[in-house]
Amino acid sequence: MTSINQNYLELQGSYLFSEIAKRRTKFIQENPNAEIISLGIGDVTRGLPDAVLKAMHSAVDELAAPSSFRGYGPEQGYDFLINAIIENDYKARGINIATNEVFVSDGSKCDVGNIQEIFSENSIVAVQDPVYPVYVDTNVMAGRSGKYNQETKRYENIAYLECTAENDFKPSLPDRKVDIIYLCYPNNPTGMTLTKEELKVWVDYAKKNNCIILYDSAYEAFIQEEDVPHSIYEIEGAREVAIEFRSFSKTAGFTGVRCAYTVVPRELKGLDAAGNEVLINDLWNRRHTTKFNGVSYVTQRGAAAIYSAEGKEQIKSLVDYYMTNAAIIRDGLASLGLEVFGGVNAPYIWLKTPNGMDSWSFFDKLLTEANIVGTPGVGFGQSGQGYFRLTAFGSRENTEKAVERIRKLSL
Ligand code: MLT
């Protein structure tokens, strides 16, 4: 028989959100009349904005006639979308990004998962803890994590940057040499952010220590406060050290449609075995063109429509809707005396479980007693133990109902 990639055997359990779905399904099978409210995986619930729908419909019609039909498109994305991204997401904020630095893809999960392929398997990776599990698991698959330690419940070769209430969920700089640092802001799962000055510390550190920052900014559209940076490239010098990931999933309801983009500046360099500098942008372009055939034309037309005047207005009301949900959860739980974090510049509310309950026990309590599905904090890492995540992506009705159900629990 063919040997398998042994690294896969180092993966622990199943992927967090599959495990939650499994438990939810089992509960529904045993309690078919339970009216479940899902505030677990960060999946959106509103329909696609009208501007997006219109653009997608007319793109479908274009595909009907040979004269306007599109087959394979550019793997990196169509110019109309790349230009709209650069104009609106960067130039409008005084940031210069070139067209060959933007790579349109079918999702940030894929991009943050795939990006590690272009770095040496000996690279040392640092992640925030708690962390979006994809960063860790994809490095385990690549053989970069080392062994899993059953006692510490951590991988030996990964540097974990703890984020807890004690440090206001702001990670300290690594205490050993690392090569790749994953930062996610606004943060999933804690919903917390850094100021520009705090982010600058990371950019300066990366420059000084020859690290690359993989900056996951999938929740950028939810930023409400003035002093929160929207892009890592607002920080001087970031073009030399950072790759940025953005997504249309949560912003425009694209979790099922699938579209995102990654920015890889031409200043960003790595070393080959002989010590020569190599452009990371060239490598990512090579990887992208070899393994990916581009996002569908219809989807890209839909994504570009969010940058129209009509689209921008509709996106804003979508974001406002979810952020009002966030405030309802945040204020509702705080009024019960629970310690809550996030939910101000991000659609996630991170709470301390009551009475020191562990995360999975609180998950079971919410599921069985209130029929609410959330996400156990420990599923994002050891520093998430004793915490719990709720999303603001439900309907208003369900969000209000969920808070009322929690109010009735004896906590
Ligand atoms: C989450 O719930 O953390 C996200 O929805 C997962 C994802 O975007 O892949």
So in region 177-199, with the set limited to residues that are in a helix (DSSP H, G or I) and out of contact with any helix residue (DSSP H, G or I) (no Cβ under 9 Å at 6 or more places or on another chain), which one is nearest to Ile235 (Cα to Cα)? Glu197
In the list Ala238, Ala221, Ala206, which residue meets the criterion of being more than 29 Å from Gln382 (Cα to Cα) and more than 13 Å from the ligand (Cβ to nearest atom)? Ala238
For region 24-39, which residues satisfy the criterion of being of a type in the set (A, V, I, L, M, F, W, C) and touching a residue at least 12 places away in the same chain (Cβ under 8 Å)? Phe27, Ala34, Ile36, Ile37, Leu39
Consider region 7-23. How many of its residues are in contact (Cβ under 8 Å) with a residue 12 or more places away in the chain and either more than 16 Å from the ligand (Cβ to nearest atom) or charged (D, E, K, R) (or both)? 7
Name the single residue, out of those in region 258-282 being charged (D, E, K, R) and out of contact with any Ser or Thr (no Cβ under 9 Å at 6 or more places or on another chain), that is surrounded by the most Cβ atoms within 10 Å (Cβ to Cβ). Lys269
When region 112-132 is checked residue by residue, the ones that are within 11 Å of the ligand (Cβ to nearest atom) and buried (at least 20 other Cβ atoms within 10 Å of the Cβ) are Val112, Pro130, Val131, Tyr132
Gly270 more than 16 Å from the ligand (Cβ to nearest atom), in contact (Cβ under 8 Å) with a residue 40 or more places away in the chain and over 24 Å from Arg93 (Cα atoms): yes
Identify, by number, the condition in (1) without any contact (Cβ under 8 Å) to a residue 40 or more places away in the chain; (2) at positive phi that Leu351 doesn't meet. (2)
Kindly provide the set of residues from region 337-354 that are touching a Gly at 6+ places or on another chain (Cβ under 6 Å) and small (Gly, Ala, Ser), ordered by number. Gly342, Gly343, Ala346
Go through region 1-91 and tell me which helices (runs of 4 or more DSSP H), entirely inside it, have 2 or more residues that are surrounded by 12 or more Cβ atoms within 10 Å (Cβ to Cβ) and of a type in the set (Lys, Arg). 16-30
Note on region 255-267: residues more than 9 Å from Gly107 (Cα to Cα), part of a loop (DSSP other than H, G, I, E, B) and touching a residue at least 40 places away in the same chain (Cβ under 8 Å) are Val257, Val264, Pro265, Arg266
For Thr251, state whether it is modelled with pLDDT under 95, within 16 Å of the ligand (Cβ to nearest atom) and closer than 26 Å to Pro229 by Cβ. yes
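The values are calculated or read from the model by the stated rules, or taken from the named source; none is laboratory data. Fair warning: this is a prediction, and the values are worked out from it, not measured in the lab. We place every Cβ from the backbone using ideal geometry, glycine too, and count neighbours over all the protein chains shown.
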